[in-house]
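Each remark here refers to the structure printed beneath this line.
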Amino acid sequence: MIRILVTLVLSGIILLGCSEKTNLPQKGELELKMNDVAEQYVKLALEIGIYKPDYVDAYYGPEEWKPVNTSNNQVDSNVIASLTGKVDDLLNKLEALGEYQATGLETQRYRFLYKQLLSVKGMISIIAGGEFSFDMEAKILYDAEPPHHSPEHFQNILDELDETLPGEGKLSKRLNDFRNQFIIPEKNLDAVFTAALNECRNRTSKYIEMPEGES
């Protein structure tokens, strides 16, 4: 459900305060405090993964951040109270940083972390047995509002595809045939992904300082 990239969480991407200020020194007090919140967020998300195994579908970060004891995955009131207490504590810590002046990147990061923690709080509610509508769950977990369209809206899209795609016959087959043209041969996957990751690193490094070898 979530993919944790520690470099992005710790080094910055991404509702609330932190007034913007430029030319602040690196590794200032605000950055260090957000680093601590970010690290605890990652550890909390991994802990939630004990009780909801599909919550974290990939983790790229220090092995020592992973939960030590994963043998007991039974959810009870004590587990919920512990998880809730941790996320509330992190939200309070983050809200206390609203008085700091921040760079644009720090402000984005602050907002990102805040929304991630709100999502964690929502997931804890779901683990505890809370039930939400599809739209509400999308809002709580992803800060997204699913669109609602009429059947005519989708039919217009299908009609446009039917006119655009080459060939004859069923639309679904023609669409799959078109997509199959762009499948990367297995023997080339490593080279293609390496090139893509290198380019991602080059572009990202213009804005975010990353450890050597991190992509």
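The values are calculated or read from the model by the stated rules, or taken from the named source; none is laboratory data. On a predicted model such as this, the values are computed, not experimentally measured, just so you know. With ideal geometry, Cβ positions are generated from the backbone for all residues, glycine too; neighbour counts draw on all protein chains shown.
Taking residue 12 and the conditions (1) over 25 Å from residue 129 (Cβ atoms); (2) modelled with pLDDT of 95 or more, which numbered condition does it fall short on, given that it satisfies the others?
Of (1) over 25 Å from residue 129 (Cβ atoms); (2) modelled with pLDDT of 95 or more, only one is false for residue 12: (2).
What's the total number of residues in region 66-83 that are out of contact with any strand residue (DSSP E or B) (no Cβ under 8 Å at 6 or more places or on another chain) and under 17 Å from residue 39 (Cα atoms)?
Selection size over region 66-83: 3.
So in region 63-94, with the set limited to residues that are under 20 Å from the mean Cα position of the chain (by Cα) and among the acidic types (Asp, Glu), which one is modelled with the highest pLDDT?
To start, the set of residues in region 63-94 that are under 20 Å from the mean Cα position of the chain (by Cα) comprises 63, 65-67, 83-84, 86-88, 90-91, 94.
Of the ones still in play, those that are also among the acidic types (Asp, Glu) are 63, 88.
Values: 63: 91, 88: 98.
Across region 63-94, the extreme among qualifying residues is 88.
Given (1) among the aliphatic types (A, V, I, L, M); (2) touching a strand residue (DSSP E or B) at 6+ places or on another chain (Cβ under 7 Å); (3) not assigned by TED's automatic domain parsing to the domain that holds residue 37, where does residue 161 come up short, assuming only one miss?
All conditions are met except number (2).
Write out, first by first residue and then by second, each pair whose Cβ atoms fall under 9 Å of each other, whose residues are 6+ apart or on separate chains, and whose first residue, in region 114-137, is closer than 21 Å to residue 50 by Cα while the second is outside any helix (DSSP H, G or I) and of a type in the set (Gly, Ala, Ser).
Listed pairs, sorted by first residue: 122/130; 124/130.
Quick check: is even one residue across region 182-192 within 29 Å of the chain's Cα centre (by Cα), under 27 Å from residue 118 (Cβ atoms) and either of a type in the set (Ser, Thr, Tyr) or not assigned by TED's automatic domain parsing to the domain that holds residue 35 (or both)?
No - not one qualifying residue is present in region 182-192.
Just one of 198, 188 is under 30 Å from residue 105 (Cβ atoms) and part of a helix (DSSP H, G or I); which is it?
On the way: 188 fails: under 30 Å from residue 105 (Cβ atoms).
Matching residue, one of 198, 188: 198.
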